[in-house]
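I have placed the structure first, in the form of structure tokens, so that the comments after it can refer back to it.
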Amino acid sequence: MLTVTRKQFTLEEYNRLTELGFFESEERVELIRGDIITMAAKRTFHSVCNALLLEELYILLRGKANIRGQEPIIIPPNSQPEPDVVIARKKEDNYLSSHPQVEDILLIIEIADSTLRFDREVKLSLYAEAGINDFWLFNLIDNQLETYNQPYQAANEKYNYRSQQIYLPNDIISIPHFSDTFLELEKFFF
């Protein structure tokens with residue numbers, strides 16, 4: 001009889017493997033609930049949407065928040081995902097001392113085409129469980145922005161968001177924590 005044992009990594013083990021050069025330089029990985037996940041290759045629409053979104057957010061939130069694109073965040077005890085965009089509280093050292101942690105995060109944005117199911121099922125649950133109040137999913141398959149807020153734990157022990165809303169490409173939406181700052185969604189859908 002064959003017994004298979006899965007190795008769950010801690011944040012410390014994962015970061016040590018990274019420091020030792022365990023992952024090939026062009027290999028993009030992230031730590032999700034102790035598992036090392038190879039990130040999907042980005043398609044053209046994903047890359048263009050991400051670049052345009054980052055550019056617009058840098059302009060709109062300059063001096064108000066820290067905008068990070070595809071950089072790690074820390075979700076204890078064993079996750080270090082790399083969301084497409086993170087809007088984090090302004091910090092004097094620009095997060096040199098540590099990647100943003102849950103209490104620093106104002107909004108997480110994922111852009112999804114080939115990763116839509118993974119982002120909706122795995123990452124959404126991870127962010128809700130961590131207590132991250134605002135999560136956006138740019139759904140490039142259905143050409144819509146899905147917004148999620150008010151995380152909760154359901155009776156079946158799964159985590160989700162109470163409030164879920166769909167915005168279409170012709171909509172304008174305010175950015176959470178910056179109610180006087182708006183995004184015109186037509187700039188990001190093709």
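Flag not set for residue 31, criterion: farther than 25 Å from residue 10 by Cα and touching a strand residue (DSSP E or B) at 6+ places or on another chain (Cβ under 7 Å). Checked against (1) over 16 Å from residue 138 (Cα atoms); (2) at pLDDT 95 or above, residue 17 meets all criteria but (2).
So, of the residues in the stretch 125-177 that are outside any loop (DSSP other than H, G, I, E, B) and of a type in the set (Asp, Glu), which turns out to be nearest to residue 79 (Cα to Cα)? Step by step, filter the stretch 125-177, then rank; the result is 129.
Scanning the stretch 87-94 for residues that are under 19 Å from residue 70 (Cα atoms), touching a residue at least 12 places away in the same chain (Cβ under 8 Å), in contact with an Asp or Glu (Cβ under 6 Å, 6 or more places away or on another chain) and not in a helix (DSSP H, G or I) turns up at least one hit.
Conditions (1) of a type in the set (S, T, N, Q); (2) over 30 Å from residue 189 (Cα atoms); (3) part of a helix (DSSP H, G or I), marked per residue:
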| residue | (1), (2), (3) |
| --- | --- |
| 9 | no, yes, no |
| 17 | no, yes, yes |
| 37 | no, no, no |
| 40 | no, no, no |
| 50 | yes, no, yes |
| 66 | yes, no, no |
| 77 | no, yes, no |
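Looking only at residues of the stretch 169-186 that are in contact with an Asp or Glu (Cβ under 9 Å, 6 or more places away or on another chain) and surrounded by fewer than 13 Cβ atoms within 10 Å (Cβ to Cβ), we find that the one that is nearest to residue 62 (Cα to Cα) is 174. With the checklist (1) loosely packed, with under 11 Cβ neighbours inside 10 Å; (2) at pLDDT below 95 in hand, flag the one item residue 189 doesn't pass. Against the list (1) loosely packed, with under 11 Cβ neighbours inside 10 Å; (2) at pLDDT below 95, residue 189 comes up short only on (1). For the stretch 95-115, residues that are part of a helix (DSSP H, G or I) and either farther than 24 Å from residue 139 by Cα or at pLDDT below 95 (or both) total 2.
Modelled with pLDDT under 90 and farther than 15 Å from residue 135 by Cα: which single residue out of 51, 41 fits that description?
41
Pairs meeting the criteria (first residue in the stretch 106-129 and polar (S, T, N, Q), second residue part of a helix (DSSP H, G or I), beta carbons under 9 Å, at least 6 apart or on different chains) are 114/46; 115/46; 115/123.
The values are calculated or read from the model by the stated rules, or taken from the named source; none is laboratory data. Just so it is clear, the model here is predicted, and its values are computed rather than measured. Ideal geometry is used to build each Cβ from the backbone, glycine not excepted, and the neighbour counts take in all protein chains shown.
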